[in-house]
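For reference, the structure discussed in these notes is given below.
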Amino acid sequence: MESSHKRILELAANHGLLRPRDLTAHGLPRVALTRLVRQGKLQRIGYGLYALPERASTEHGTVAEVSRKHPQAIICLLSALQLHGITTQAPFEVWVAVANKARAPKMDYPPLRVVRFSGDALTEGIDTVTIDGVPVRVTNVARTVADCFKFRHKIGLDVAMEALTEAWLAKRIRMDDLWKYAKLCRVANVMRPYMDSLT
């Protein structure tokens, strides 16, 4: 049992956050998680998520928790803007995108706001970054701005315009990339006047 406890703690150190299924993949007993929590060697972060008690969490720790629990979810819209540092918005929900027919991810905390993508929108303009040792799938800056215009009725046109202006002034986007994702998201006609005003 000691050796399996040691391996579980090593996994927690390497992955940042552990799920019970991570143990199964390594042939380790799930019941050991409960024992390690009782001993104070692991901490239960949320339903089905465990971490070392001394784990250093960044300001984007909740995004890492969502991505560890739901690895297929894509961080998007307001949460992606915050991750990229191009907004004054501070969303209390984590915005995630999933495939049209996929089951909506659920968590007790943090609250999730789910949108649905399909086709190329599910694969194009998606980057993987590491936060707190967890791989996080997130829309890139240009794609995020285009998504903001696509979902302007959910987040507000003023937020989409602010994202476009901030990203452009910070030289975080190129007009060609922006145009590519505007066409992908079918908002080229909506975005054109705002894009023209920047050049």
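A compact table of results
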{"quantity": "Residue within the stretch 168-175 that is in contact (Cβ under 8 Å) with a residue 12 or more places away in the chain and either in contact with a Pro (Cβ under 9 Å, 6 or more places away or on another chain) or among the basic types (Lys, Arg) (or both) present", "calculated": "yes"}
{"quantity": "Filter result (under 22 Å from the mean Cα position of the chain (by Cα) and either under 12 Å from Leu164 (Cα atoms) or of a type in the set (Asp, Glu) (or both)) within the stretch 175-199", "calculated": "Asp177, Leu178, Ala182"}
{"quantity": "Counted residues, the stretch 141-161 - those being in contact (Cβ under 8 Å) with a residue 40 or more places away in the chain and in a loop (DSSP other than H, G, I, E, B)", "calculated": "1"}
{"quantity": "Every residue from the stretch 6-21 that is touching a strand residue (DSSP E or B) at 6+ places or on another chain (Cβ under 9 Å) and under 19 Å from Pro71 (Cβ atoms)", "calculated": "Leu11, Ala12, His15, Gly16, Leu17, Leu18, Arg19, Pro20"}
{"quantity": "Criterion (outside any loop (DSSP other than H, G, I, E, B) and surrounded by 13 or more Cβ atoms within 10 Å (Cβ to Cβ)) met by exactly one of Arg172, Arg192, Arg116", "calculated": "Arg116"}
{"quantity": "Residue check, Ala97 closer than 27 Å to Glu65 by Cβ and not assigned by TED's automatic domain parsing to the domain that holds Asn14", "calculated": "yes"}
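Per-residue answers, yes or no, for (1) assigned by TED's automatic domain parsing to the domain that holds Lys154; (2) at pLDDT below 85:
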{"site": "Gly40", "(1), (2)": "no, no"}
{"site": "Ile45", "(1), (2)": "no, yes"}
{"site": "Leu77", "(1), (2)": "yes, no"}
{"site": "Gly85", "(1), (2)": "yes, no"}
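The values are calculated or read from the model by the stated rules, or taken from the named source; none is laboratory data. Remember, predicted model here, so these are calculated numbers, not experimental data. Every residue, glycine as well, gets a Cβ built from its backbone with ideal geometry; the counts of neighbours run over all protein chains shown.
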